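Data first, discussion second: the structure below is written as structure tokens.
The values are calculated or read from the model by the stated rules, or taken from the named source; none is laboratory data. Source: prediction; values computed, not measured. Cβ atoms come from the backbone with ideal geometry, glycine included; neighbour counts cover every protein chain shown. Just so you know, the surface numbers come from the protein's heavy atoms only, side chains and all, with ligands and any DNA or RNA stripped out. Shrake-Rupley method; radii C 1.70, N 1.55, O 1.52, S 1.80 Å.
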Amino acid sequence: MKKTLCLSLLCFTSLFADANLDTIQAQLAEQKVATQKLQEQVNTLTQEERKSVNTSASFSQNAYLPDIALILNTSLVGRSVDNVAYASAKIPGFIDAPDTMELPFNPKKGPNLNYAEVAMHSVVDPYFDAFAIFHLHLDAFEIEEAYVQTTSLPYSLKIKVGKFKSSFGRINSKHQHSWHFDSQPIIYKALFGPDGISDSGIQLQWVAPTDTYIMAGAEAMQGTNARSFGNPHANNLYVGYLKSSIDIGEDLSVLGGVSMAHGENYYNDVINPTNVYGVDLTMRDQLGSYSALIWQSEFLQRNKDLGSRTNKQAGLYSELIYQYNNNYSGGFRYDAITKNDADLSAYAGVNTNNLDKYTAMLQYKPFPMSRLRLSYSYDRTKVISGERKDINTVMLSLNIAAGAHGAHNY
């Protein structure tokens, strides 16, 4: 009986093992068939299709596609003078004829579409980045900036080539939608016009290998800015600057810089030198995780040789911004022409002293990519039709940013 039971158990085990082996062999056969089908599909690829397959582990085309952003800037303006009078306004000693430059920002009473900006940035390769910023106005297309910048030079060097906004001073390199106020500081408008110093050129910057941030820069540019330069015969503008920043404690940051621009103006068919000097100071006190107090100021002086005389003129702006949190902020700015040693004989009988402007603003950002700003300004720098005019302006502006757009410096 025991022998019979043992033989039965052995047979059962053998049959069970054979069944498992058959199952495994069937699964292997199925896998082999599937593998053969995949191999046949690979073999059917055409030569062109195989070439399109990227087999390089060190290159991914997606990583080199450009970031693209769209900025829309609009405003609703109420002003105490009409549009024709505002467009013909003069600033004594600085803009002595009706301004032939376009007024790109908030030029008219009522609604304005100031511009649509398309910004593009791409990593070209391990050595270069490319940037392009286009402004689309209602009836014009403008290349605001288009340049290539190095990324891997030794000794903390960086080179920029193309058309770009100069790093002269503090606000010149910033775009309008990143300003704390919707209007350009008076001294910048008077000396350089609405675009500031923006031209074709080459820039070299060097950051010192120190614990304290120190950056020195030099630029060679065409100098087409007719407000202060404008020699049409050759490139003539050279800019140099030295900038630094320090942290005082854990919350206070201080940034400062000195700048100089040397160029040539073209007056009465004669080439003469122009020198512009700038000093800027910015302090940021981080009051909390989302609140801060920012004080930013710049002083500029221009010595413009006109042959028979040299105009020596200067001005400043100073603005204080309180950021309550990520959504709400407010601020105040004071603009002033502090020196105006120029030929003012065309303004006989007009008070040309105390050319200044006051601006207050409140800002609401429901989200980081959108901004509503309400501002009021009292401008005492303009002469219209031979009469000094005090201009009151109330403005509501809307700025929208869509797409991949880099953060701006504070």
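Does residue 278 satisfy the criteria of being open to solvent by less than 20 Å² (accessible area, probe 1.4 Å), outside any strand (DSSP E or B) and within 25 Å of residue 164 (Cβ to Cβ)? It is false that residue 278 is open to solvent by less than 20 Å² (accessible area, probe 1.4 Å), outside any strand (DSSP E or B) and within 25 Å of residue 164 (Cβ to Cβ). Evaluate the following for residue 350: is it within 25 Å of residue 95 (Cα to Cα) and either acidic (Asp, Glu) or within 27 Å of the chain's Cα centre (by Cα) (or both)? So residue 350 does not fit the description; no.
You will find that of 359, 381, 393, 352, the residue that is in contact with a helix residue (DSSP H, G or I) (Cβ under 6 Å, 6 or more places away or on another chain), hydroxyl-bearing (Ser, Thr, Tyr) and surrounded by 14 or more Cβ atoms within 10 Å (Cβ to Cβ) is 381 and no other.
How many residues does region 317-335 hold that are crowded, with 20+ Cβ neighbours inside 10 Å and out of contact with any His (no Cβ under 7 Å at 6 or more places or on another chain)? Selection size over region 317-335: 5. Condition test on residue 208, is it open to solvent by 10 Å² or more (accessible area, probe 1.4 Å), of a type in the set (Gly, Ala, Ser) and in contact with a Phe, Trp or Tyr (Cβ under 9 Å, 6 or more places away or on another chain)? Taking the combined requirement at face value, the residue does not satisfy it.
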